[in-house]
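Structure first, then comments.
The values are calculated or read from the model by the stated rules, or taken from the named source; none is laboratory data. A quick note: this is a predicted structure, and the numbers were derived from the prediction, not measured. For neighbour counting, all protein chains shown are included, and Cβ atoms are generated from backbone atoms with ideal geometry for every residue, glycine included.
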């Protein structure tokens, strides 16, 4: 990974999000996954359209990326790093780890099984 891409736990991400108003939580899963279960206030930018839609992500914020378990978020972070984005954090374990930690989410976790 690029030097300006960091990994963080769901706990670290949640704590940072609550402490810093200048963040963006970016979900790179597909629309159907997002519709099933998501984190409130996350921005959906699916990996399948990421190259066209990444400019929706505010380059001046801390950027936390997540997917089902972490693979797609890492790819998205590497792409953003190659475009000059900094302060990138991949949430290890993705939405699955977030839900398992008991943090707030919207949707039905029984209908969601991340890749």
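Summary of computed values
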{"quantity": "Output for region 46-64, where each listed residue is touching a residue at least 40 places away in the same chain (Cβ under 8 Å) and either out of contact with any strand residue (DSSP E or B) (no Cβ under 6 Å at 6 or more places or on another chain) or under 19 Å from residue 97 (Cα atoms) (or both)", "calculated": "63, 64"}
{"quantity": "Criterion (in contact (Cβ under 8 Å) with a residue 60 or more places away in the chain and more than 12 Å from the chain's Cα centre (by Cα)) met by exactly one of 5, 90", "calculated": "5"}
{"quantity": "Filtered residues of region 60-86 (kept if more than 10 Å from the chain's Cα centre (by Cα) and closer than 12 Å to residue 25 by Cα)", "calculated": "61, 62"}
{"quantity": "Residue tally, condition free of Cβ contacts under 8 Å to residues at least 40 places away in the same chain and closer than 15 Å to residue 92 by Cβ, over region 13-45", "calculated": "1"}
{"quantity": "Selection from region 87-105 of residues that are more than 16 Å from residue 69 (Cβ to Cβ) and modelled with pLDDT of 95 or more", "calculated": "88"}
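For (1) modelled with pLDDT of 95 or more; (2) in contact with a helix residue (DSSP H, G or I) (Cβ under 8 Å, 6 or more places away or on another chain), each residue gets a yes or a no:
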position: 16; (1), (2): no, no
position: 20; (1), (2): no, no
position: 23; (1), (2): no, yes
position: 26; (1), (2): yes, yes
position: 31; (1), (2): yes, no
position: 45; (1), (2): yes, yes
position: 56; (1), (2): yes, no
